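Computed from the coordinates by the stated procedures, all read-outs in this text should not be read as laboratory data. Note that the structure is predicted; figures quoted are calculated from it, not measured. Here the Cβ positions follow ideal geometry from the backbone for every residue, glycine too, while neighbour counts run over all protein chains shown.
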Amino acid sequence: MNPSNLPPQQWPAEPRVTLGPWACEPPLDEESEAFRQSLRQFASKVMRPIGQELDRLSAEQVAAKGSRLYEFFAEYDKLGISQELLASLDDEQRAVMFPLLFEELGWGDAGLAISAATRMLPLYMAAKLGNSFVLKEYSEQLIGCWGITEPDHGSDSLDVSRQIFHAQGSYGRPNCVARISDGQLVINGQKSAWVSNGCIADLCVLYCAAETASGPDTQHGYCVVVPTNLPGVSRGRPLEKIGQRPLPQGELYFDNVKVSLDHILAGPDDYKRAVYAIHTDANLLMAATFTGVARSAYDHALAYAHERKQGGQPIIRHQDVARRLFHMLRKVEAAQALTRRVARFNNLSSVPALQAAMLAKVTATEHAFEVASDAIQMFGGNGLTREYPVEKIFRDARASMIEDGCNQILAIKGGYNLINQEWL
Ligand SMILES: Cc1cc2nc3c(=O)[nH]c(=O)nc-3n(C[C@H](O)[C@H](O)[C@H](O)COP(=O)(O)OP(=O)(O)OC[C@H]3O[C@@H](n4cnc5c(N)ncnc54)[C@H](O)[C@@H]3O)c2cc1C
């Protein structure tokens with residue numbers, strides 16, 4: 001129908017569209033919408049209060065048994081988001097559920113969202129890389145972590161294809177190595193202080209170099225699940241940091257740790273594939289989580305702009321404030337749209353694209369940081385105080401631009417992929 005033929009009375013005087021969490025998205029089906037609503041409830045009633053409380057504690061206090069972090073894990077388990085449930089979803093359902101889950105968890109609290117996600121990683125990777133022994137042997141209630149970066153190798157360790165290396169550069173010695181001896185994998189060395197959940201983990205999905213007769217091979221290593229109660233494993237002190245403080249982080253040390261070969265998820269020939277797989281999923285997870293963080297900052301700013309009066313009017317009535325909110329919403333929506341599109345592409349294609357996940361991660365984390373900074377500005381002086389929520393969101397968002405690969409490094413890797421037009 002040609003809209004110009006409509007009688008004038010059918011046009012509302014002022015079109016009104018309510019922008020909810022689904023501003024520019026088609027409505028979800030009933031099941032997905034119910035899932036989203038239960039997550040939103042959980043994020044607002046459980047995650048936000050616990051996250052705000054943990055943010056003010058020392059890193060030691062957060063990690064200590066009995067802290068509210070463990071209450072969060074117990075409540076999260078009640079949601080029933082198990083490995084079994086994830087495995088039962090078809091690709092279409094997973095493409096919708098995955099970003100929904102992490103958007104809502106990120107909206108609740110970034111550090112807790114990452115802690116919950118990392119907790120599942122060893123078993124998630126065992127399922128992904130087809131290790132049924134690990135899936136049968138270990139419970140989902142155990143706390144997991146991912147150890148890949150090392151004191152001397154941060155960006156390097158995420159770049160097994162060596163795309164970011166300087167022409168005259170070399171990897172140097174790895175800080176952690178593994179070798180097969182007498183039918184067991186023997187691990188020595190340490191992982192960086194940045195291992196999320198490292199200082200509280202029961203299980204680590206460890207990525208490390210292979211020790212060979214001709215020296216360590218850092219491109220063909222081992223991906224192995226290591227229980228941290230084995231003799232020779234020790235943990236570092238929880239790390240104090242600027243943001244995502246409810247997420248405990250710390251080193252893992254390995255002193256002649258022996259683990260049966262059943263625990264290996266990928267050996268030297270498959271190592272690159274295993275790094276690619278976890279990096280791709282982790283970057284998408286970051287994108288969804290920090291889309292939620294961006295939306296949380298925007299929601300706070302919008303509500304405040306309606307409440308706070310200056311010049312005799314709620315500040316949202318001032319033209320520049322409305323303009324700024326528009327740009328904040330634009331960034332949230334762009335992050336969400338790209339993240340969901342990549343989630344769909346990566347869940348439905350035969351080889352998920354790291355390139356696409358990096359596009360989404362860099363976009364969402366940078367938008368989250370910008371929107372959180374704009375939210376502080378919207379709150380004026382109040383934005384700088386701990387009495388209001390936005391300074392915490394700003395600190396949480398700042399860390400995300402380094403987490404799971406500095407955004408600059410991801411962009412270099414992504415840029416190099418364009419040379420050969422390889423969208424992997
Ligand atoms: C909140 C958070 C959670 C994390 N969780 C985990 C985890 O669970 N497990 C884990 O193993 N690690 C984890 N990390 C570590 C994270 O992956 C690393 O911090 C990240 O990869 C960067 O490494 P780096 O800190 O050693 O910095 P570096 O690699 O030392 O980089 C320092 C600077 O140099 C630049 N740079 C480095 N190489 C190049 C190059 N070739 N060209 C141009 N510039 C370069 C970088 O962009 C950066 O600005 C986490 C980090 C954070 C902040």
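Can you classify region 30-137 as rounded, prolate or oblate using the Cα gyration tensor, where a ≥ b ≥ c are the square roots of its eigenvalues, rounded means a/c under 1.5, and otherwise it's prolate if a/b beats b/c and oblate if not? Provide the component values of the computation, followed by the final result.
Numbers: a/c = 2.44, a/b = 1.30, b/c = 1.88.
Cα axes put region 30-137 in the oblate bin.
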| message | Output needed: Cys residues of the chain lacking any neighbouring Cys C-beta below 4.7 Å, sorted by number. | response | CYS24, CYS145, CYS199, CYS204, CYS223, CYS406
| field | Alpha-carbon gyration tensor eigenvalues x 5, square-rooted, for region 144-270, Å | value | 22, 20, 11
| field | Cα-based radius of gyration of region 188-262 once divided by 2.2 N^0.38 Å, which approximates compact folds | value | 1.18
| message | If I fit a long axis through the Cα atoms of helix 68-78 and take the longest principal axis of the Cα atoms of the chain, what angle between them do I get, 0 to 90°, rounded to 10? | response | 80 degrees
| note | With the charge dipole of the chain built from beta-carbon charges (+1 for Lys and Arg, -1 for Asp and Glu) about the Cα centre, the Cα from LEU85, MET125, HIS300 projecting farthest to the positive end belongs to HIS300
| message | Looking at the chain as a GNM with Cα springs under 10 Å, which of SER214, SER82, SER234 has the largest mean-square fluctuation? | response | SER214
| remark: If MET328, MET286 are placed from fewest to most neighbouring beta carbons inside 10 Å, the sequence is MET328, MET286
| message | What percent of all Cα-Cα pairs in the chain falls into each 10 Å bin, going from 0 up to the bin containing the maximum distance? | response | 4, 21, 31, 25, 12, 5, 2, 1, 0
| remark: When the chain is treated as a Gaussian network with springs between alpha carbons less than 10 Å apart, the largest mean-square fluctuation among ASP90, ASP217, ASP156 is found at ASP90
| field | Convex hull of region 274-424 built on C-alpha atoms - directionally averaged projected area, nm² | value | 9.6 nm²
| Once the piece of chain linking ILE412 and ARG323 is laid out straight, how much longer is it, given 0.36 nm per residue of separation minus the C-alpha distance between them? | 28.7 nm
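Nearest 20 debye, what's the magnitude of the dipole of region 110-219 about its Cα centre given +1 on Lys and Arg Cβ and -1 on Asp and Glu Cβ?
Numbers: 7 positive and 10 negative charges, 32 e Å.
My answer is approximately 160 debye.
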| task | Select from VAL390, TYR207, SER115 the residue farthest towards the positive end of the dipole of the chain; place +1 on Cβ of Lys and Arg, -1 on Cβ of Asp and Glu, and compute about the Cα centre. | result | VAL390
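For region 124-189, what is the convex hull volume of the alpha-carbon atoms per residue, in Å³? Each step should come with its number before you reach the end.
Details: hull volume 9.4 nm³, N = 66.
Each residue corresponds to 142 Å³ of Cα convex hull volume.
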| request: For GLN93 and SER58, compute 0.36 nm times the residue count separating them, minus their Cα-Cα distance, and round to one decimal in nm. | output: 8.7 nm
| query | How many angstrom separate the Cα center of region 43-69 from the Cα center of region 182-251? | reply | 24 Å
| field | Distance between modelled label sites at THR212 and SER44, nm, 7 Å Cα→Cβ extension | value | 5.6 nm
| remark: About its Cα centre, region 144-270 carries a charge dipole, from +1 on Lys and Arg Cβ atoms and -1 on Asp and Glu Cβ atoms, whose size in debye to the nearest 20 is 380 debye
| task | Determine, from the Cβ-Cβ distance of LYS136 and ARG237 and an R0 of 51 Å, the FRET efficiency 1/(1 + (r/R0)^6), rounded to the nearest 0.05. | result | 0.95
| remark: Using the Kirkwood formula on alpha carbons, the hydrodynamic radius of region 50-103 in angstrom works out to 13.2 Å
| Of HIS367, GLN319, VAL275, which is farthest along the charge dipole of region 273-417 in the positive direction, counting Lys and Arg as +1 and Asp and Glu as -1 at C-beta? | GLN319
| note | With Cα springs under 10 Å, the Gaussian network model of the chain assigns the largest mean-square fluctuation among LYS241, LYS78, LYS361 to LYS78
| task | Please give the calculated 222 nm ellipticity per residue for the chain, where each DSSP H segment of at least 4 residues contributes -39500 (n - 2.57) and the sum is spread over every residue; nearest 500 deg cm²/dmol? | result | -15500 deg cm²/dmol
| Dipole moment magnitude, nearest 20 debye, region 30-137 about Cα centre, only Lys, Arg, Asp, Glu C-beta charged | 380 debye
| message | Give me the three principal axis extents of region 336-424 from the C-alpha atoms, as integers in angstrom, largest value leading. | response | 49, 25, 17
